[in-house]
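Presented below is the structure to which this report refers.
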Amino acid sequence: MIREYGLMADLEAAFDDVVNVTRTLIAELDNKDYPIWSLEKRESADKAWLAAALNDFWYEEGQDGRSTRAYVGVVAADRALLILVESVNQAKRRFSECLALIKQQNTAGVSDIKAALASRHAEVHGYLAGKGLARLNLKQCWRQIPCAVAPLERIHLSWYSSGRSIKRITAAEAADRLYKMDTEAPHIALQIRSLAGIPSSEVLARVQKQAPLMRANLFFQEPLWDGAMRKAMNLSLPLFVPSHDGAMPRINQPELTAPAKRTRKVRSDERLEDEPFLPALRVYRYRE
């Protein structure tokens, strides 16, 4: 019990650091006119939009518990601002480490953690509760603010809509999952029969499509220490780029939302069959 209280105390202190250092960063943004661009507002993005993005730790009403909101933008930052951004990221890493330790030790449930942290900043919690934002989104608390490691010549943004996670599962494990469903349903019975026709040891693939995300290709003004001239990263929060004179790198203007259909060609070395073998589980067979 003492250890549980100690871990929760560490987590609460780490959360306070995230909130307070983020406030310090936002205060610095208010003290100077930093150039800001956003996908949503384009060149008209302002400090209020940026502050909302950096301070968003909450679920919206009806938001999927597995999802996070993205704020695609760019900020031309001087050295002082970049130091503050790194301080926020350090606080977020500490929060993530404390959260992982609590989950590892099974000392508190996620719901208990969210309730304890949300109540620590009453003025914030009370304001957001009226807007349907009372539930804390833990991932939005610890996700890092992206930073470019050197000044940029340009940024090319493009939607990536083909992302997916693939987890291996044996036929026997898939059978266990199917038998927990309504086996009287015709489509489930059909899949059980299909599964019975392959070896129980065969390895299958369970596929989960991921939400579209914005991919940024960064083109540096000068080669990095390793000779690299570009770097790719995903953007879920505004990207801070070093700028000694406040100049913003060139940025293309992608569509506001991801394309409805896949725009990339299917890889010629795709290992999974085209159609799901067990649709109820999103399970595919590997090609011969």
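The values are calculated or read from the model by the stated rules, or taken from the named source; none is laboratory data. It should be emphasised that the depicted structure is a prediction, and the values quoted were computed from it without experimental measurement. FYI the Cβ positions are ideal-geometry reconstructions off the backbone, even for glycines, and counts take in every protein chain you see.
So the values come out like this:
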item	result
Residues located in the range 206-238, provided they are touching a Phe, Trp or Tyr at 6+ places or on another chain (Cβ under 8 Å) and in a loop (DSSP other than H, G, I, E, B)	Pro212, Ala228, Met229, Ser236, Leu237, Pro238
Qualifying positions in the range 6-50 - surrounded by 15 or more Cβ atoms within 10 Å (Cβ to Cβ) and not in a helix (DSSP H, G or I)	Tyr34, Pro35, Ile36, Trp37, Ser38, Leu39, Ala45
Those helices (runs of 4 or more DSSP H) lying entirely in the range 86-205 with at least 1 residues touching a Cys at 6+ places or on another chain (Cβ under 6 Å) and modelled with pLDDT under 90	none
Per-region count, the range 224-255, residues surrounded by 15 or more Cβ atoms within 10 Å (Cβ to Cβ) and touching a strand residue (DSSP E or B) at 6+ places or on another chain (Cβ under 6 Å)	11
Number of the exception - Lys209 against (1) at pLDDT below 90; (2) more than 23 Å from the chain's Cα centre (by Cα); (3) of a type in the set (D, E, K, R); (4) surrounded by 11 or more Cβ atoms within 10 Å (Cβ to Cβ)	(2)
Test for Arg69: is it at pLDDT 95 or above and either of a type in the set (Val, Ile, Thr) or surrounded by fewer than 18 Cβ atoms within 10 Å (Cβ to Cβ) (or both)	no
Filter result for Leu138 (crowded, with 16+ Cβ neighbours inside 10 Å, more than 30 Å from Pro223 (Cα to Cα) and not assigned by TED's automatic domain parsing to the domain that holds Ala91)	no
